[in-house]
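The values are calculated or read from the model by the stated rules, or taken from the named source; none is laboratory data. Computed from a predicted structure; not experimentally measured. Cβ coordinates were reconstructed from backbone atoms using ideal geometry, including for glycine residues, and neighbour counts include every protein chain displayed.
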Amino acid sequence: MSLLRVEGLTVALPPGGDRPHAVEDVSFHVDAGEILCVVGESGSGKSISANAVMGLLPKGLPVRRGSITFEGRNLLSLAPEAMRKLRGERLAMIFQEPMTALNPLMRVGDQIAEVLRVHGSGADAARRVPELLAAVNLPDPAAIARSHPFRLSGGQRQRVMIAMALALEPALLIADEPTTALDVTTQMQILRLIREIQSRRGMGVLFITHDFGVVAEIADRVAVMQRGRIVEQGPAEELLNRPQHPYTRALIAAVPHGAAEARAVIATAPVLELRGVEKTYRRGGFFGARAVVRAVHDADFTLRRGETLGLVGESGSGKSTLARCVVKLVEPEQGTIAYHGTDLRPLSRAAWKPYRQRIQMVFQDPYASLNPRRTVGDTIAEGPVTHGEPRGKALERARELLRLVQLDPGAMDRYPHEFSGGQRQRIGIARALAMEPELLIADEPVSALDVSVQAQVLALLAEIRARLGLTMLFITHDLRVAAQICDRVAVMQRGAIVEQGPTSEVFAAPQHPYTRQLLDSIPGRGWTPPAL
């Protein structure tokens with residue numbers, strides 16, 4: 001008998017949605033000791049299905065029909081008190097964003113102890129908390145236990161969530177996109193950790209993801225969801241290499257393959273040259289010791305006209321800080337940032353204004369960088385109007401740019417919240433292009449997007465670059481993306497560029513140990529997507 005069996009699950013959406021049901025007639029099972037990956041794009045119903053199993057659906061999303069059987073009991077018929085007792089003891093869940101799932105005011109150790117105490121094991125907490133933190137490979141468990149969540153890195157917070165989920169040794173672990181926002185090396189560590197713990201304890205794991213590289217790394221079986229329905233499921237090896245449904249085939253075709261093709265050497269004149277740039281931050285003070293962090297140092301590079309240079313590395317490596325130094329959002333202490341031979345660093349705000357038109361930036365989170373109170377048309381036209389272009393001409397240009405980024409010009413009067421994440425990223429690109437820049441800096445522009453939307457945005461950037469002759473500085477922690485779009489790559493570690501060169505050469509024969517580590521950590525590196 002299966003550990004978990006979901007049969008004909010149908011969950012309604014509130015009236016006015018794009019479809020009547022969030023999930024419709026969904027059936028799958030998870031056996032003890034296996035990992036089932038549920039794959040699909042945002043809005044496909046993956047998380048709704050998982051929340052239904054955990055009894056965490058909001059009141060506005062009622063279950064219309066179906067059954068969820070766990071260890072022989074129908075979870076949908078359990079009283080709230082019985083369901084609360086089951087959660088934690090036999091069922092546990094790791095959420096996608098640990099910072100919103102952890103209490104920012106409580107120390108990590110107290111939060112894990114609370115799980116034990118609520119379920120009657122509080123007397124053992126002093127011994128169990130350090131053991132659990134050590135079990136998820138966190139360094140210095142005692143110090144971690146005394147820390148608040150904001151003092152930990154994203155990977156450490158995710159490990160704390162896993163420790164909390166495993167506190168009572170559940171039979172079923174549900175992991176909802178637990179590695180989506182993590183660096184490639186941290187992602188690989190988390191995946192190996194989940195696989196190791198699952199194998200050691202014989203748990204069943206329901207793993208939700210949109211990344212087929214992750215699927216290739218850990219899945220025993222796969223279920224593919226589209227618009228609330230499961231369109232294909234089966235053994236991982238079969239589905240990854242011989243997909244049958246058109247949607248599955250389209251998702252796999254959109255996966256960046258991670259192999260860099262040799263490109264012609266670009267020998268045009270330099271557009272941007274960085275030499276000796278240094279940026280430091282000082283942390284601590286008052287009652288603690290002050291620490292100096294060298295965010296950027298030894299990060300020299302040259303970017304030539306028409307070239308795309310990829311800055312790759314983990315969070316905290318200095319990529320975004322270096323890019324922000326170029327556009328003067330951050331002021332470095334020393335060094336030269338030469339744009340066509342003119343050093344931008346000493347320029348005053350007034351002297352910098354003409355260069356702002358020629359150097360534009362696309363940010364990682366388009367929703368945070370778009371004004372929610374301004375229409376899309378006004379947002380795109382704002383830059384040119386500020387620089388003296390007549391408003392009517394700027395708005396007409398905005399319509400042309402919406403067409404260029406493959407959006408309906410009728411969207412001019414809509415607001416950012418009315419668009420999907422991929423559409424908002426296109427709006428961010430249109431806004432940057434409105435200034436007709438020569439140099440475009442793209443800071444993690446696709447890291448939070450579904451694989452198919454990611455492929456569309458990357459293809460769009462490549463097309464725009466070819467059409468407009470753009471020069472790009474492309475920042476990413478995903479080496480598969482860098483392989484697809486970059487002519488050259490520069491690998492950053494702890495503020496310094498440790499290796500750079502043509503993308504195909506760096507990927508084929510990395511020289512620095514850190515570059516080799518990054519390449520070895522690409523999820524599903526041993527899997528080659530089939531030609532579809």
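So which residues in the range 354-369 are over 22 Å from Leu303 (Cβ atoms) and either without any contact (Cβ under 8 Å) to a residue 60 or more places away in the chain or not assigned by TED's automatic domain parsing to the domain that holds Leu468 (or both), if there are any at all?
Of everything in the range 354-369, those that are over 22 Å from Leu303 (Cβ atoms) and either without any contact (Cβ under 8 Å) to a residue 60 or more places away in the chain or not assigned by TED's automatic domain parsing to the domain that holds Leu468 (or both) turn out to be Tyr367, Ala368, Ser369.
Taking the residues in the range 224-238 that are in contact (Cβ under 8 Å) with a residue 60 or more places away in the chain and closer than 14 Å to Phe28 by Cα as candidates, determine which candidate is surrounded by the fewest Cβ atoms within 10 Å (Cβ to Cβ).
Among them, the one singled out is Arg229.
From (1) buried (at least 21 other Cβ atoms within 10 Å of the Cβ); (2) in the same structural domain as Arg221 (by TED's automatic domain parsing); (3) not in a strand (DSSP E or B), pick out the condition that doesn't hold for Ile112.
(2)
All but one of (1) touching a Ser or Thr at 6+ places or on another chain (Cβ under 8 Å); (2) under 23 Å from Leu168 (Cβ atoms); (3) assigned to a strand (DSSP E or B) hold for Leu9; state the number of the condition that does not hold.
That leaves (2) as the condition not met.
Considering only residues of the range 362-393 that are in contact with a Pro (Cβ under 9 Å, 6 or more places away or on another chain) and under 20 Å from Ile475 (Cα atoms), which is surrounded by the most Cβ atoms within 10 Å (Cβ to Cβ)?
Step by step, filter the range 362-393, then rank; the result is Val362.
Evaluate the range 253-263: report whether one residue or more is surrounded by 15 or more Cβ atoms within 10 Å (Cβ to Cβ), in contact with an Asp or Glu (Cβ under 6 Å, 6 or more places away or on another chain) and not basic (Lys, Arg).
no
Against the conditions (1) without any contact (Cβ under 8 Å) to a residue 60 or more places away in the chain; (2) under 16 Å from Lys328 (Cβ atoms); (3) not β-branched (Val, Ile, Thr), where does Arg373 fall short? Just the number, please.
Only one criterion in (1) without any contact (Cβ under 8 Å) to a residue 60 or more places away in the chain; (2) under 16 Å from Lys328 (Cβ atoms); (3) not β-branched (Val, Ile, Thr) is unmet by Arg373, namely (2).
So which residues in the range 344-361 are of a type in the set (D, E, K, R) and closer than 22 Å to Ile475 by Cβ?
Taking the range 344-361 as the starting set, the residues that turn out to be of a type in the set (D, E, K, R) are 345, 349, 353, 356, 358.
Arg345, Arg356, Arg358 - these are the residues of the range 344-361 that are of a type in the set (D, E, K, R) and closer than 22 Å to Ile475 by Cβ.
Looking at the range 337-344, is at least one residue touching a Ser or Thr at 6+ places or on another chain (Cβ under 8 Å), surrounded by 16 or more Cβ atoms within 10 Å (Cβ to Cβ) and aromatic (Phe, Trp, Tyr)?
Looking through the range 337-344, none of the residues is touching a Ser or Thr at 6+ places or on another chain (Cβ under 8 Å), surrounded by 16 or more Cβ atoms within 10 Å (Cβ to Cβ) and aromatic (Phe, Trp, Tyr).
Taking Gln198, is it modelled with pLDDT of 85 or more, under 20 Å from Leu133 (Cα atoms) and not assigned by TED's automatic domain parsing to the domain that holds Tyr514?
yes
Show the residue pairs meeting these rules: Cβ distance below 8 Å; 6+ apart or different chains; first residue within the range 20-46 and closer than 30 Å to Ser447 by Cβ and without any contact (Cβ under 8 Å) to a residue 24 or more places away in the chain; second residue assigned to a loop (DSSP other than H, G, I, E, B) and not small (Gly, Ala, Ser).
Cβ pairs passing all conditions: none.
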